[in-house]
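Below is one structure, written out as structure tokens, with a few remarks after it.
Quick note: the coordinates plus some simple rules give every number you see, no bench work behind them. Because the structure is a prediction, the values reported are computed rather than measured. For neighbour counting, all protein chains shown are included, and Cβ atoms are generated from backbone atoms with ideal geometry for every residue, glycine included.
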There are 2 protein chains.
Amino acid sequence: MVRLLLADDQELIRSALAALLALEADFEVVATVGRGDEVVAAARSHHPDVALLDIDMPGIDGLAAAGVLAQEVPGCKALILTTFGRPGYLRRAMESGARGFVVKDAPPERLADAIRRVAAGERVVDPALAADTLASGASPLTARERDVLVAARPGATVAEIAARLFLTEGTVRNYLSAAIAKAGARNRAEAVRRADEQGWL
Amino acid sequence: MVRLLLADDQELIRSALAALLALEADFEVVATVGRGDEVVAAARSHHPDVALLDIDMPGIDGLAAAGVLAQEVPGCKALILTTFGRPGYLRRAMESGARGFVVKDAPPERLADAIRRVAAGERVVDPALAADTLASGASPLTARERDVLVAARPGATVAEIAARLFLTEGTVRNYLSAAIAKAGARNRAEAVRRADEQGWL
DNA sequence: ACGCCCGTCTGACATTTGTCACCGTCAGCT
DNA sequence: AGCTGACGGTGACAAATGTCAGACGGGCGT
């Protein structure tokens, strides 16, 4: 019997996944949470074998939760379950100690299979996504370039970014320029989009 | 017994929702599809009472599918089920003939309740979202302004937008300027984000 | 200890973008 | 007929954005 923890911010999806997984005779959902920062506490009290973590969650995201989980509750293996199969996400997931990575448009048997493998100690990733990730390499952005892109994301002006990061406008422009070049884009908006799609932010 | 059609592009979510709804004794899932342009055909062959439609789908989106469904298969009532409760989405949903609107972070009982009400001929919307929608009013953008914003979305330059829409650069700048003003933004990127959040695009 | 690369930071310069005033056409409304 | 508003366009100007050369300091190899 595999004991499961479900973490997803959308209550309907959480319940629906619980219903789906309950159809498998060897699965038991022992806890469900809607925030990343509730994962560890729930894992401590209910002793799940596998934690199914969505990435998009309030509090801390699923990738960060996987990292904390690996440190604090090593008996519980993290399996990332997400909408977007972005190379950077998979990379960060594996680096932070997750044991598997499944995208939400996979067929349900694949999820069940992944859970059983992870519970048995294996690591599980979509081969196609793994290939993409290896091919695309790690993020080429420096820490500062990443900061500036993140701050630019909502459509902020250079002055606003500079104020938020305590930098000169000239410096901000320079980082943006570097980030634009590295993303292969021709302006700020495209750079933000590209970096986001790669999971670099 | 309420006969249901499920349309969502993510297979795992589709299966999970089917499992969840199957728990209710008076529901029967008679068909599931992963593309908007398969909805009508499935509705014709399986005669569902209610069609649960996600908005984000390949082919045509759920809102357009609801419109076609209302025309072609009037016996099947459309219920929009989506991640984002954007005012413009709700407005378009109701205008295109959908009978209900539920967001994906609602509790599962609310979905079941909504389905039963829609099946019974009622209209169902989240009161808070309905208030937002009425307060925000319809989109202030003209058709052309909307086109230009959509073309600008991926981070295109003025020249690229002009080429795609067969317009002069000056004209594109004029429309962008007007759209920026109407969105209450201070640059293109922010205008795109704002308009997107409102469901104007 | 020495150069060397890399990341951080900055100001100067060219280009792009956003704003404004204005012209003409067309369709719908009164 | 006259008015209004959407559409397409031009030209000019100010402001924001993107590019470049370069300064400074920390780590790394030899």
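General remarks:
- Boolean, residue B:102 is more than 14 Å from chain A (Cβ to nearest Cβ) and of a type in the set (A, V, I, L, M, F, W, C): no
- Matching entry among A:122, A:109, A:95 (being closer than 25 Å to residue A:49 by Cα, surrounded by fewer than 16 Cβ atoms within 10 Å (Cβ to Cβ) and within 10 Å of another protein chain (Cβ to nearest Cβ)): A:109
- Enumeration of residues in the range B:172-201 that are away from every other protein chain (no Cβ under 14 Å) and charged (D, E, K, R): B:173, B:182
- Of all residues in the range B:25-64, those being touching a residue at least 24 places away in the same chain (Cβ under 8 Å) and either part of a helix (DSSP H, G or I) or small (Gly, Ala, Ser) (or both) number 16.
- Within the range B:166-183, considering residues that are farther than 15 Å from residue B:151 by Cβ and touching a residue at least 12 places away in the same chain (Cβ under 8 Å), the one farthest from the chain's Cα centre (by Cα): B:182
- Filter pass, residue A:147 being within 16 Å of DNA strand D (Cβ to nearest atom) and among the acidic types (Asp, Glu): yes
- Matching residues, the range B:10-31, being surrounded by 19 or more Cβ atoms within 10 Å (Cβ to Cβ) and either of a type in the set (D, E, K, R) or more than 9 Å from chain A (Cβ to nearest Cβ) (or both): B:14, B:27, B:29, B:31
- Just one of the listed residues (A:160, A:145, A:169) is near DNA strand C (Cβ under 8 Å from one of its atoms) and surrounded by fewer than 18 Cβ atoms within 10 Å (Cβ to Cβ), namely A:169.
- Residue within the range B:136-144 that is free of Cβ contacts under 8 Å to residues at least 12 places away in the same chain and closer than 15 Å to residue B:55 by Cβ present: no
- Of all residues in the range B:65-83, those being in a helix (DSSP H, G or I) and either over 29 Å from residue B:193 (Cβ atoms) or of a type in the set (Phe, Trp, Tyr) (or both) number 5.
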